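Okay, structure first, notes after.
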Amino acid sequence: QPPQKDYDDLCSLPDLNEKTLLENLRNRFKQEKIYTYVGSILIVINPFKFLPIYNPKYVKMYDNHQLGKLEPHIYAVADVAYHAMLQRRQNQCIVISGESGSGKTQSTNFLIHHLTA
C-alpha cells in the first residue's frame, strides 16, 4: 500500500472526520512529525523521547515567519504570539492543555526557550 499523504494542517484534509484525522496524526507521528496544526491551534503528540528539533537552527528558522509557511512547530506558535504582542501592543496568551504526562511542562520549556532566544 502506498504511503498516504500527510497534512500538516488538519483543516486541509479533503475529508475531515474522526477516522481521517486520527490516521493523519498517526502517519505524521510515525515520521516523527509530532506537531500538526488545526488552523492556528497546534496539536502535539508526545514522542516520549528527545527529537533533534529544538536547537539554534530551528530557533532561527522560525524567527519572524508567518504561521503555516514552515512545518508546524512550537517555536512557530511562540514566535507568532511574540510578534503579535509587539505589533498590536497587547498581551498575548498561549494555552497549553493535556492529560497528565502529555508533555505540557516540556512544551512550556520549549516556548520559553524560543522566546528568550
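The values are calculated or read from the model by the stated rules, or taken from the named source; none is laboratory data. Computed from a predicted model, the values in this text were never measured in an experiment. Ideal geometry is used to build each Cβ from the backbone, glycine not excepted, and the neighbour counts take in all protein chains shown. Accessible surface is based on the protein model in full, side chains and every heavy atom, while ligands, DNA and RNA are left aside. Shrake-Rupley method; radii C 1.70, N 1.55, O 1.52, S 1.80 Å.
Here are a few things to note about the model shown:
- With contributions of -39500 (n - 2.57) from each DSSP H run of at least four residues, the per-residue ellipticity at 222 nm computed over the chain stands at -12500 deg cm²/dmol.
- Over region 10-116, relative contact order from alpha-carbon pairs under 8 Å, at least 6 apart, %: 20
- Accessible area per residue (1.4 Å probe, heavy atoms of protein chains only) ranks Arg26, Arg88 as Arg88, Arg26, with the largest value leading.
- Rounded tilt (10° steps) of 18-30 against the dominant C-alpha axis of the chain: 70
- Summed residue charge, Cβ within 15 Å of Thr20's Cβ, Lys/Arg positive, Asp/Glu negative: -2
- Whole-angstrom Cα spans of the chain along principal axes, big to small: 48, 29, 28
- Distant-in-sequence amide contacts of Val38, defined by a placed amide H-H separation under 5 Å and a gap of 5 or more residues or a different chain, comprise Leu10, Ile43.
- Charge tally for Pro72 (other residues, Cβ to Cβ under 12 Å; Lys, Arg +1; Asp, Glu -1): -1.
- Relative to the dominant Cα principal axis of the chain, helix 74-88 is inclined by about 40°.
- Accessible area of Tyr62 in the full protein assembly, 1.4 Å probe (Å², nearest 10): 10
- FRET efficiency, 1/(1 + (r/R0)^6) with R0 35 Å, evaluated for Asp15 and His113 via beta carbons: 0.40
- As a length-normalised measure over Cα pairs under 8 Å and 6 or more apart, the relative contact order of region 1-49 settles at 35 percent.
- Axis angle, to the nearest 10 degrees, between helix 104-116 and the longest C-alpha principal axis of the chain: 50 degrees.
- Estimated at the nearest 10 Å², the accessible area of Leu16 is 110 Å² with a 1.4 Å probe.
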